[in-house]
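What follows is a short report on a single structure.
The values are calculated or read from the model by the stated rules, or taken from the named source; none is laboratory data. Note that the structure is predicted; figures quoted are calculated from it, not measured. Cβ: placed from backbone, ideal geometry, glycine included. Neighbour counts: every protein chain shown. Note: accessible area is taken over every heavy atom of the protein model, side chains too, but ligands, DNA and RNA are not part of it. Shrake-Rupley method; radii C 1.70, N 1.55, O 1.52, S 1.80 Å.
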Amino acid sequence: MADLALPDAPDAPGVADDGVWLHCIECGRDHAPFDDIIYTCPDCGGLLEARYDRYPTFDGFDGRGVWRYNVALPFEAGVTLPEGDTPLHRVPRLRESIGVRNLRIKHEGMNPTGSFKDRGMTVGVRVAEELGVDRLACASTGNTSAALAAYGARAGLQTLVLLPAGKVAAGKIAQASLHGARILEVDGNFDACLDIVQGLADRGEAYLLNSLNPFRLEGQKTIGLEILEAFRDDHGRFPDRIVLPVGNAGNTAALYKCFRELVAGGDLAEEDVPKLTGVQAEGAAPMVEAIEEGLEDTRRWEHVETIATAIRIGNPVNAPKALPGIRATGGTAVAVSDSGITAAQRDLAEEGVGVEPASAASVAGLRKLREEGVVDADEDVVCLTTGHLLKDPDAAAAAGSDPEPVANSTEAVLEHLAE
Ligand code: F0G
């Protein structure tokens with residue numbers, strides 16, 4: 001079983017490099033971070049987690065964006081576009097209609113390539129430089145490939161992306177393409193693509209930058225740090241709950257790590273840790289199944305389908321890190337319908353916040369949990385919206401209103417408007 005407990009005073013093991021090492025959450029062994037390229041534990045195959053000889057505190061942060069939090073990261077600076085520092089929108093009408101004390105939307109679609117993946121890549125590609133690799137690779141439902149292509153280009157490295165054929169939104173493929181990634185379309189779903197790319201990485205063909213890579217999650221931790229700082233500045237306390245869409249459960253794992261480190265450093269009381277609440281689409285909900293059935297790991301779903309193609313995932317690789325996080329924080333997981341996702345996408349759009357379908361799942365999930373009475377009316381909630389509306393222009397156009405053809409004259413337009 002995964003052991004995610006952090007020691008009170010971390011003592012760097014001999015394998016540490018500049019106070020950083022990789023710790024196996026299954027067998028507890030420590031590994032050197034930058035000597036050999038490893039993604040999982042060489043001894044037992046368990047998931048690895050970056051560990052430090054220090055814990056972050058709020059007064060140690062300086063600057064803006066992801067690298068403001070460099071005391072909590074393996075390097076002082078990275079390959080940057082720059083990323084992070086995303087808005088925490090107020091959505092008063094939506095708050096009223098869902099019925100919670102406070103509702104804020106952390107819009108990760110405002111990152112440079114339009115998703116939270118940029119936070120992981122600014123760190124992950126910096127690590128790739130440290131390791132001296134020349135080719136980066138990922139499997140992707142789209143956003144990871146767009147971010148990897150952009151950050152790889154920025155670093156002057158080759159990138160290879162494997163995508164499930166016919167299931168990636170147009171904006172994401174356009175990004176990977178223009179930034180110069182080599183794009184391979186696989187006749188299979190995301191999970192099959194990840195199996196293949198892991199095979200390539202194991203053979204030394206490319207450096208894997210999926211969220212299985214523990215350094216990616218270090219960058220994504222900064223979502224939590226930004227939310228906590230901004231929410232406290234505005235409301236004088238930390239939010240009760242953070243609701244987020246779940247695919248591979250990388251963000252869920254990253255947020256939990258953020259909280260654990262702040263608790264260990266003494267800046268966050270255990271009782272103030274926000275409840276991590278994961279949302280999946282009904283057609284791709286192995287994490288929800290695992291929470292409902294009390295499983296230690298997810299069961300792989302071979303057939304997955306949802307309008308939220310970004311989270312069309314049946315085998316969440318970070319489940320052993322994320323399930324304990326949901327449970328330990330008193331959170332939960334919920335599945336939402338595609339129609340609920342589209343309705344939430346429209347609700348956000350009415351407040352001026354444009355997101356792709358997977359992002360809207362967080363708001364759809366919150367509404368459902370509020371209706372079921374799982375979320376209370378007096379809660380302060382932050383919903384994470386993970387990707388920008390323009391990522392999936394087809395879904396946006398289908399959810400929005402249709403253009404109306406009119407004749408080419410002012411009179412005709414006036415007549416049309418009067419109809
Ligand atoms: N939201 C969006 C917009 C995503 O692109 C993803 C994952 C998630 C949520 C789920 O995040 O995996 O941390 O639970 N997209 C990956 C990709 C799989 O390839 O772009 P997670």
Problem - Estimated D of the chain in µm² per second, where Rh is the Kirkwood radius over Cα pairs and Stokes-Einstein applies at 4 °C, 1.567 mPa s - result: 60 µm²/s
Handout entry: Kirkwood Rh (inverse of mean 1/r, distinct Cα pairs), region 134-216, angstrom
Key = 12.2 Å
Exercise for the section: Can you tell me the relative contact order of region 190-252? Whole percent, Cα pairs under 8 Å, sequence separation 6 or more. Expected result: 24 percent
Problem - As computed over region 68-113, the Cα convex hull volume per residue (Å³) - result: 102 Å³
Problem - Cβ crowding within 10 Å averaged over residues, with 1-9, 96-104 ranked highest first - result: 96-104, 1-9
Handout entry: For the chain: relative contact order, % (alpha-carbon pairs under 8 angstrom, 6 or more apart)
Key = 17 percent
Practice task
Choose one of Ala147, Asn210, Ile98: the residue whose Cα lies farthest towards the positive end of the charge dipole of region 75-211 (beta-carbon charges +1 Lys, Arg; -1 Asp, Glu; about the Cα centre).
Solution key: Ile98
Exercise for the section: Calculate the dipole size of region 320-419 relative to its Cα centre from +1 charges on Lys and Arg beta carbons and -1 charges on Asp and Glu beta carbons; express the result in debye to the nearest 20. Expected result: 760 debye
Practice task
Please give the calculated 222 nm ellipticity per residue for the chain, where each DSSP H segment of at least 4 residues contributes -39500 (n - 2.57) and the sum is spread over every residue; nearest 500 deg cm²/dmol?
Solution key: -11500 deg cm²/dmol
Exercise for the section: Using Cα positions and a limit of under 15 Å, work out the aspartates and glutamates in reach of Lys368, with same-chain residues fewer than 8 apart set aside. Expected result: Glu96, Glu282, Asp338, Asp347, Asp376, Glu379
Fill in the blank from the handout: Within the under-14-Å Cβ sphere about Ala9, not counting Ala9, Lys/Arg +1 and Asp/Glu -1 give a net charge of -2
Handout entry: Choice from Gly65, Gly352, Gly142 showing the highest fluctuation, given a GNM over the chain with Cα pairs closer than 10 Å
Key = Gly352
Completion exercise
In a Gaussian network model of the chain with springs linking alpha carbons closer than 10 Å, the residue among His303, His89, His107 that fluctuates most is His303
Exercise for the section: Can you tell me the dipole magnitude for the chain around its Cα centre, using point charges on the Cβ only (Lys, Arg +1; Asp, Glu -1), in Debye to the nearest 20? Expected result: 340 debye
Exercise for the section: Could you work out which residue, out of Ile223, Ile196, Ile105, moves most in a Gaussian network model of the chain, that is, has the largest mean-square fluctuation with Cα springs under 10 Å? Expected result: Ile196
Completion exercise
Hydrodynamic calc, region 305-417: Kirkwood Rh from Cα pairs, then Stokes-Einstein at 10 °C with viscosity 1.306 mPa s, so D in µm² s⁻¹ is 97 µm²/s
Fill in the blank from the handout: Rounded to whole angstroms and listed largest first, the alpha-carbon spread of region 211-295 along its three principal axes comes to 38, 26, 21
Problem - Average accessible area per residue (Å²) across region 155-266 - probe 1.4 Å, nucleic acids and ligands excluded - result: 32 Å²
Handout entry: Normalised contact order of region 256-320, rounded percent, pairs of Cα under 8 Å and 6 or more residues apart
Key = 27 percent
Problem - region 371-385 versus region 39-104: alpha-carbon centroid distance in Å - result: 21 Å
Problem - Ordering of 149-159, 170-180, 111-121 by packing [mean C-beta count within 10 Å, highest first] - result: 111-121, 149-159, 170-180
Problem - Most positive-pole-ward Cα, Ala16, Ala128, Gly109, against dipole of region 1-130 from beta carbon charges - result: Gly109
Fill in the blank from the handout: If one compares the long axis through the Cα atoms of helix 357-371 with the longest principal axis of the Cα atoms of the chain, the angle in degrees, nearest 10, works out at 80 degrees
Exercise for the section: Measure off, as a whole percent, the carbon and sulfur share of the 1.4 Å-probe accessible area of region 357-413, all protein chains present. Expected result: 53 percent
Problem - Residue-count net charge about Asp338 - beta-carbon cut-off 10 Å; Lys, Arg +1, Asp, Glu -1 - result: -2
Fill in the blank from the handout: Note: region 38-164, point scatterers on Cα, Debye, no solvent; log10 I/I(0) at q = 0.15, 0.23 Å⁻¹ equals -0.86, -1.33
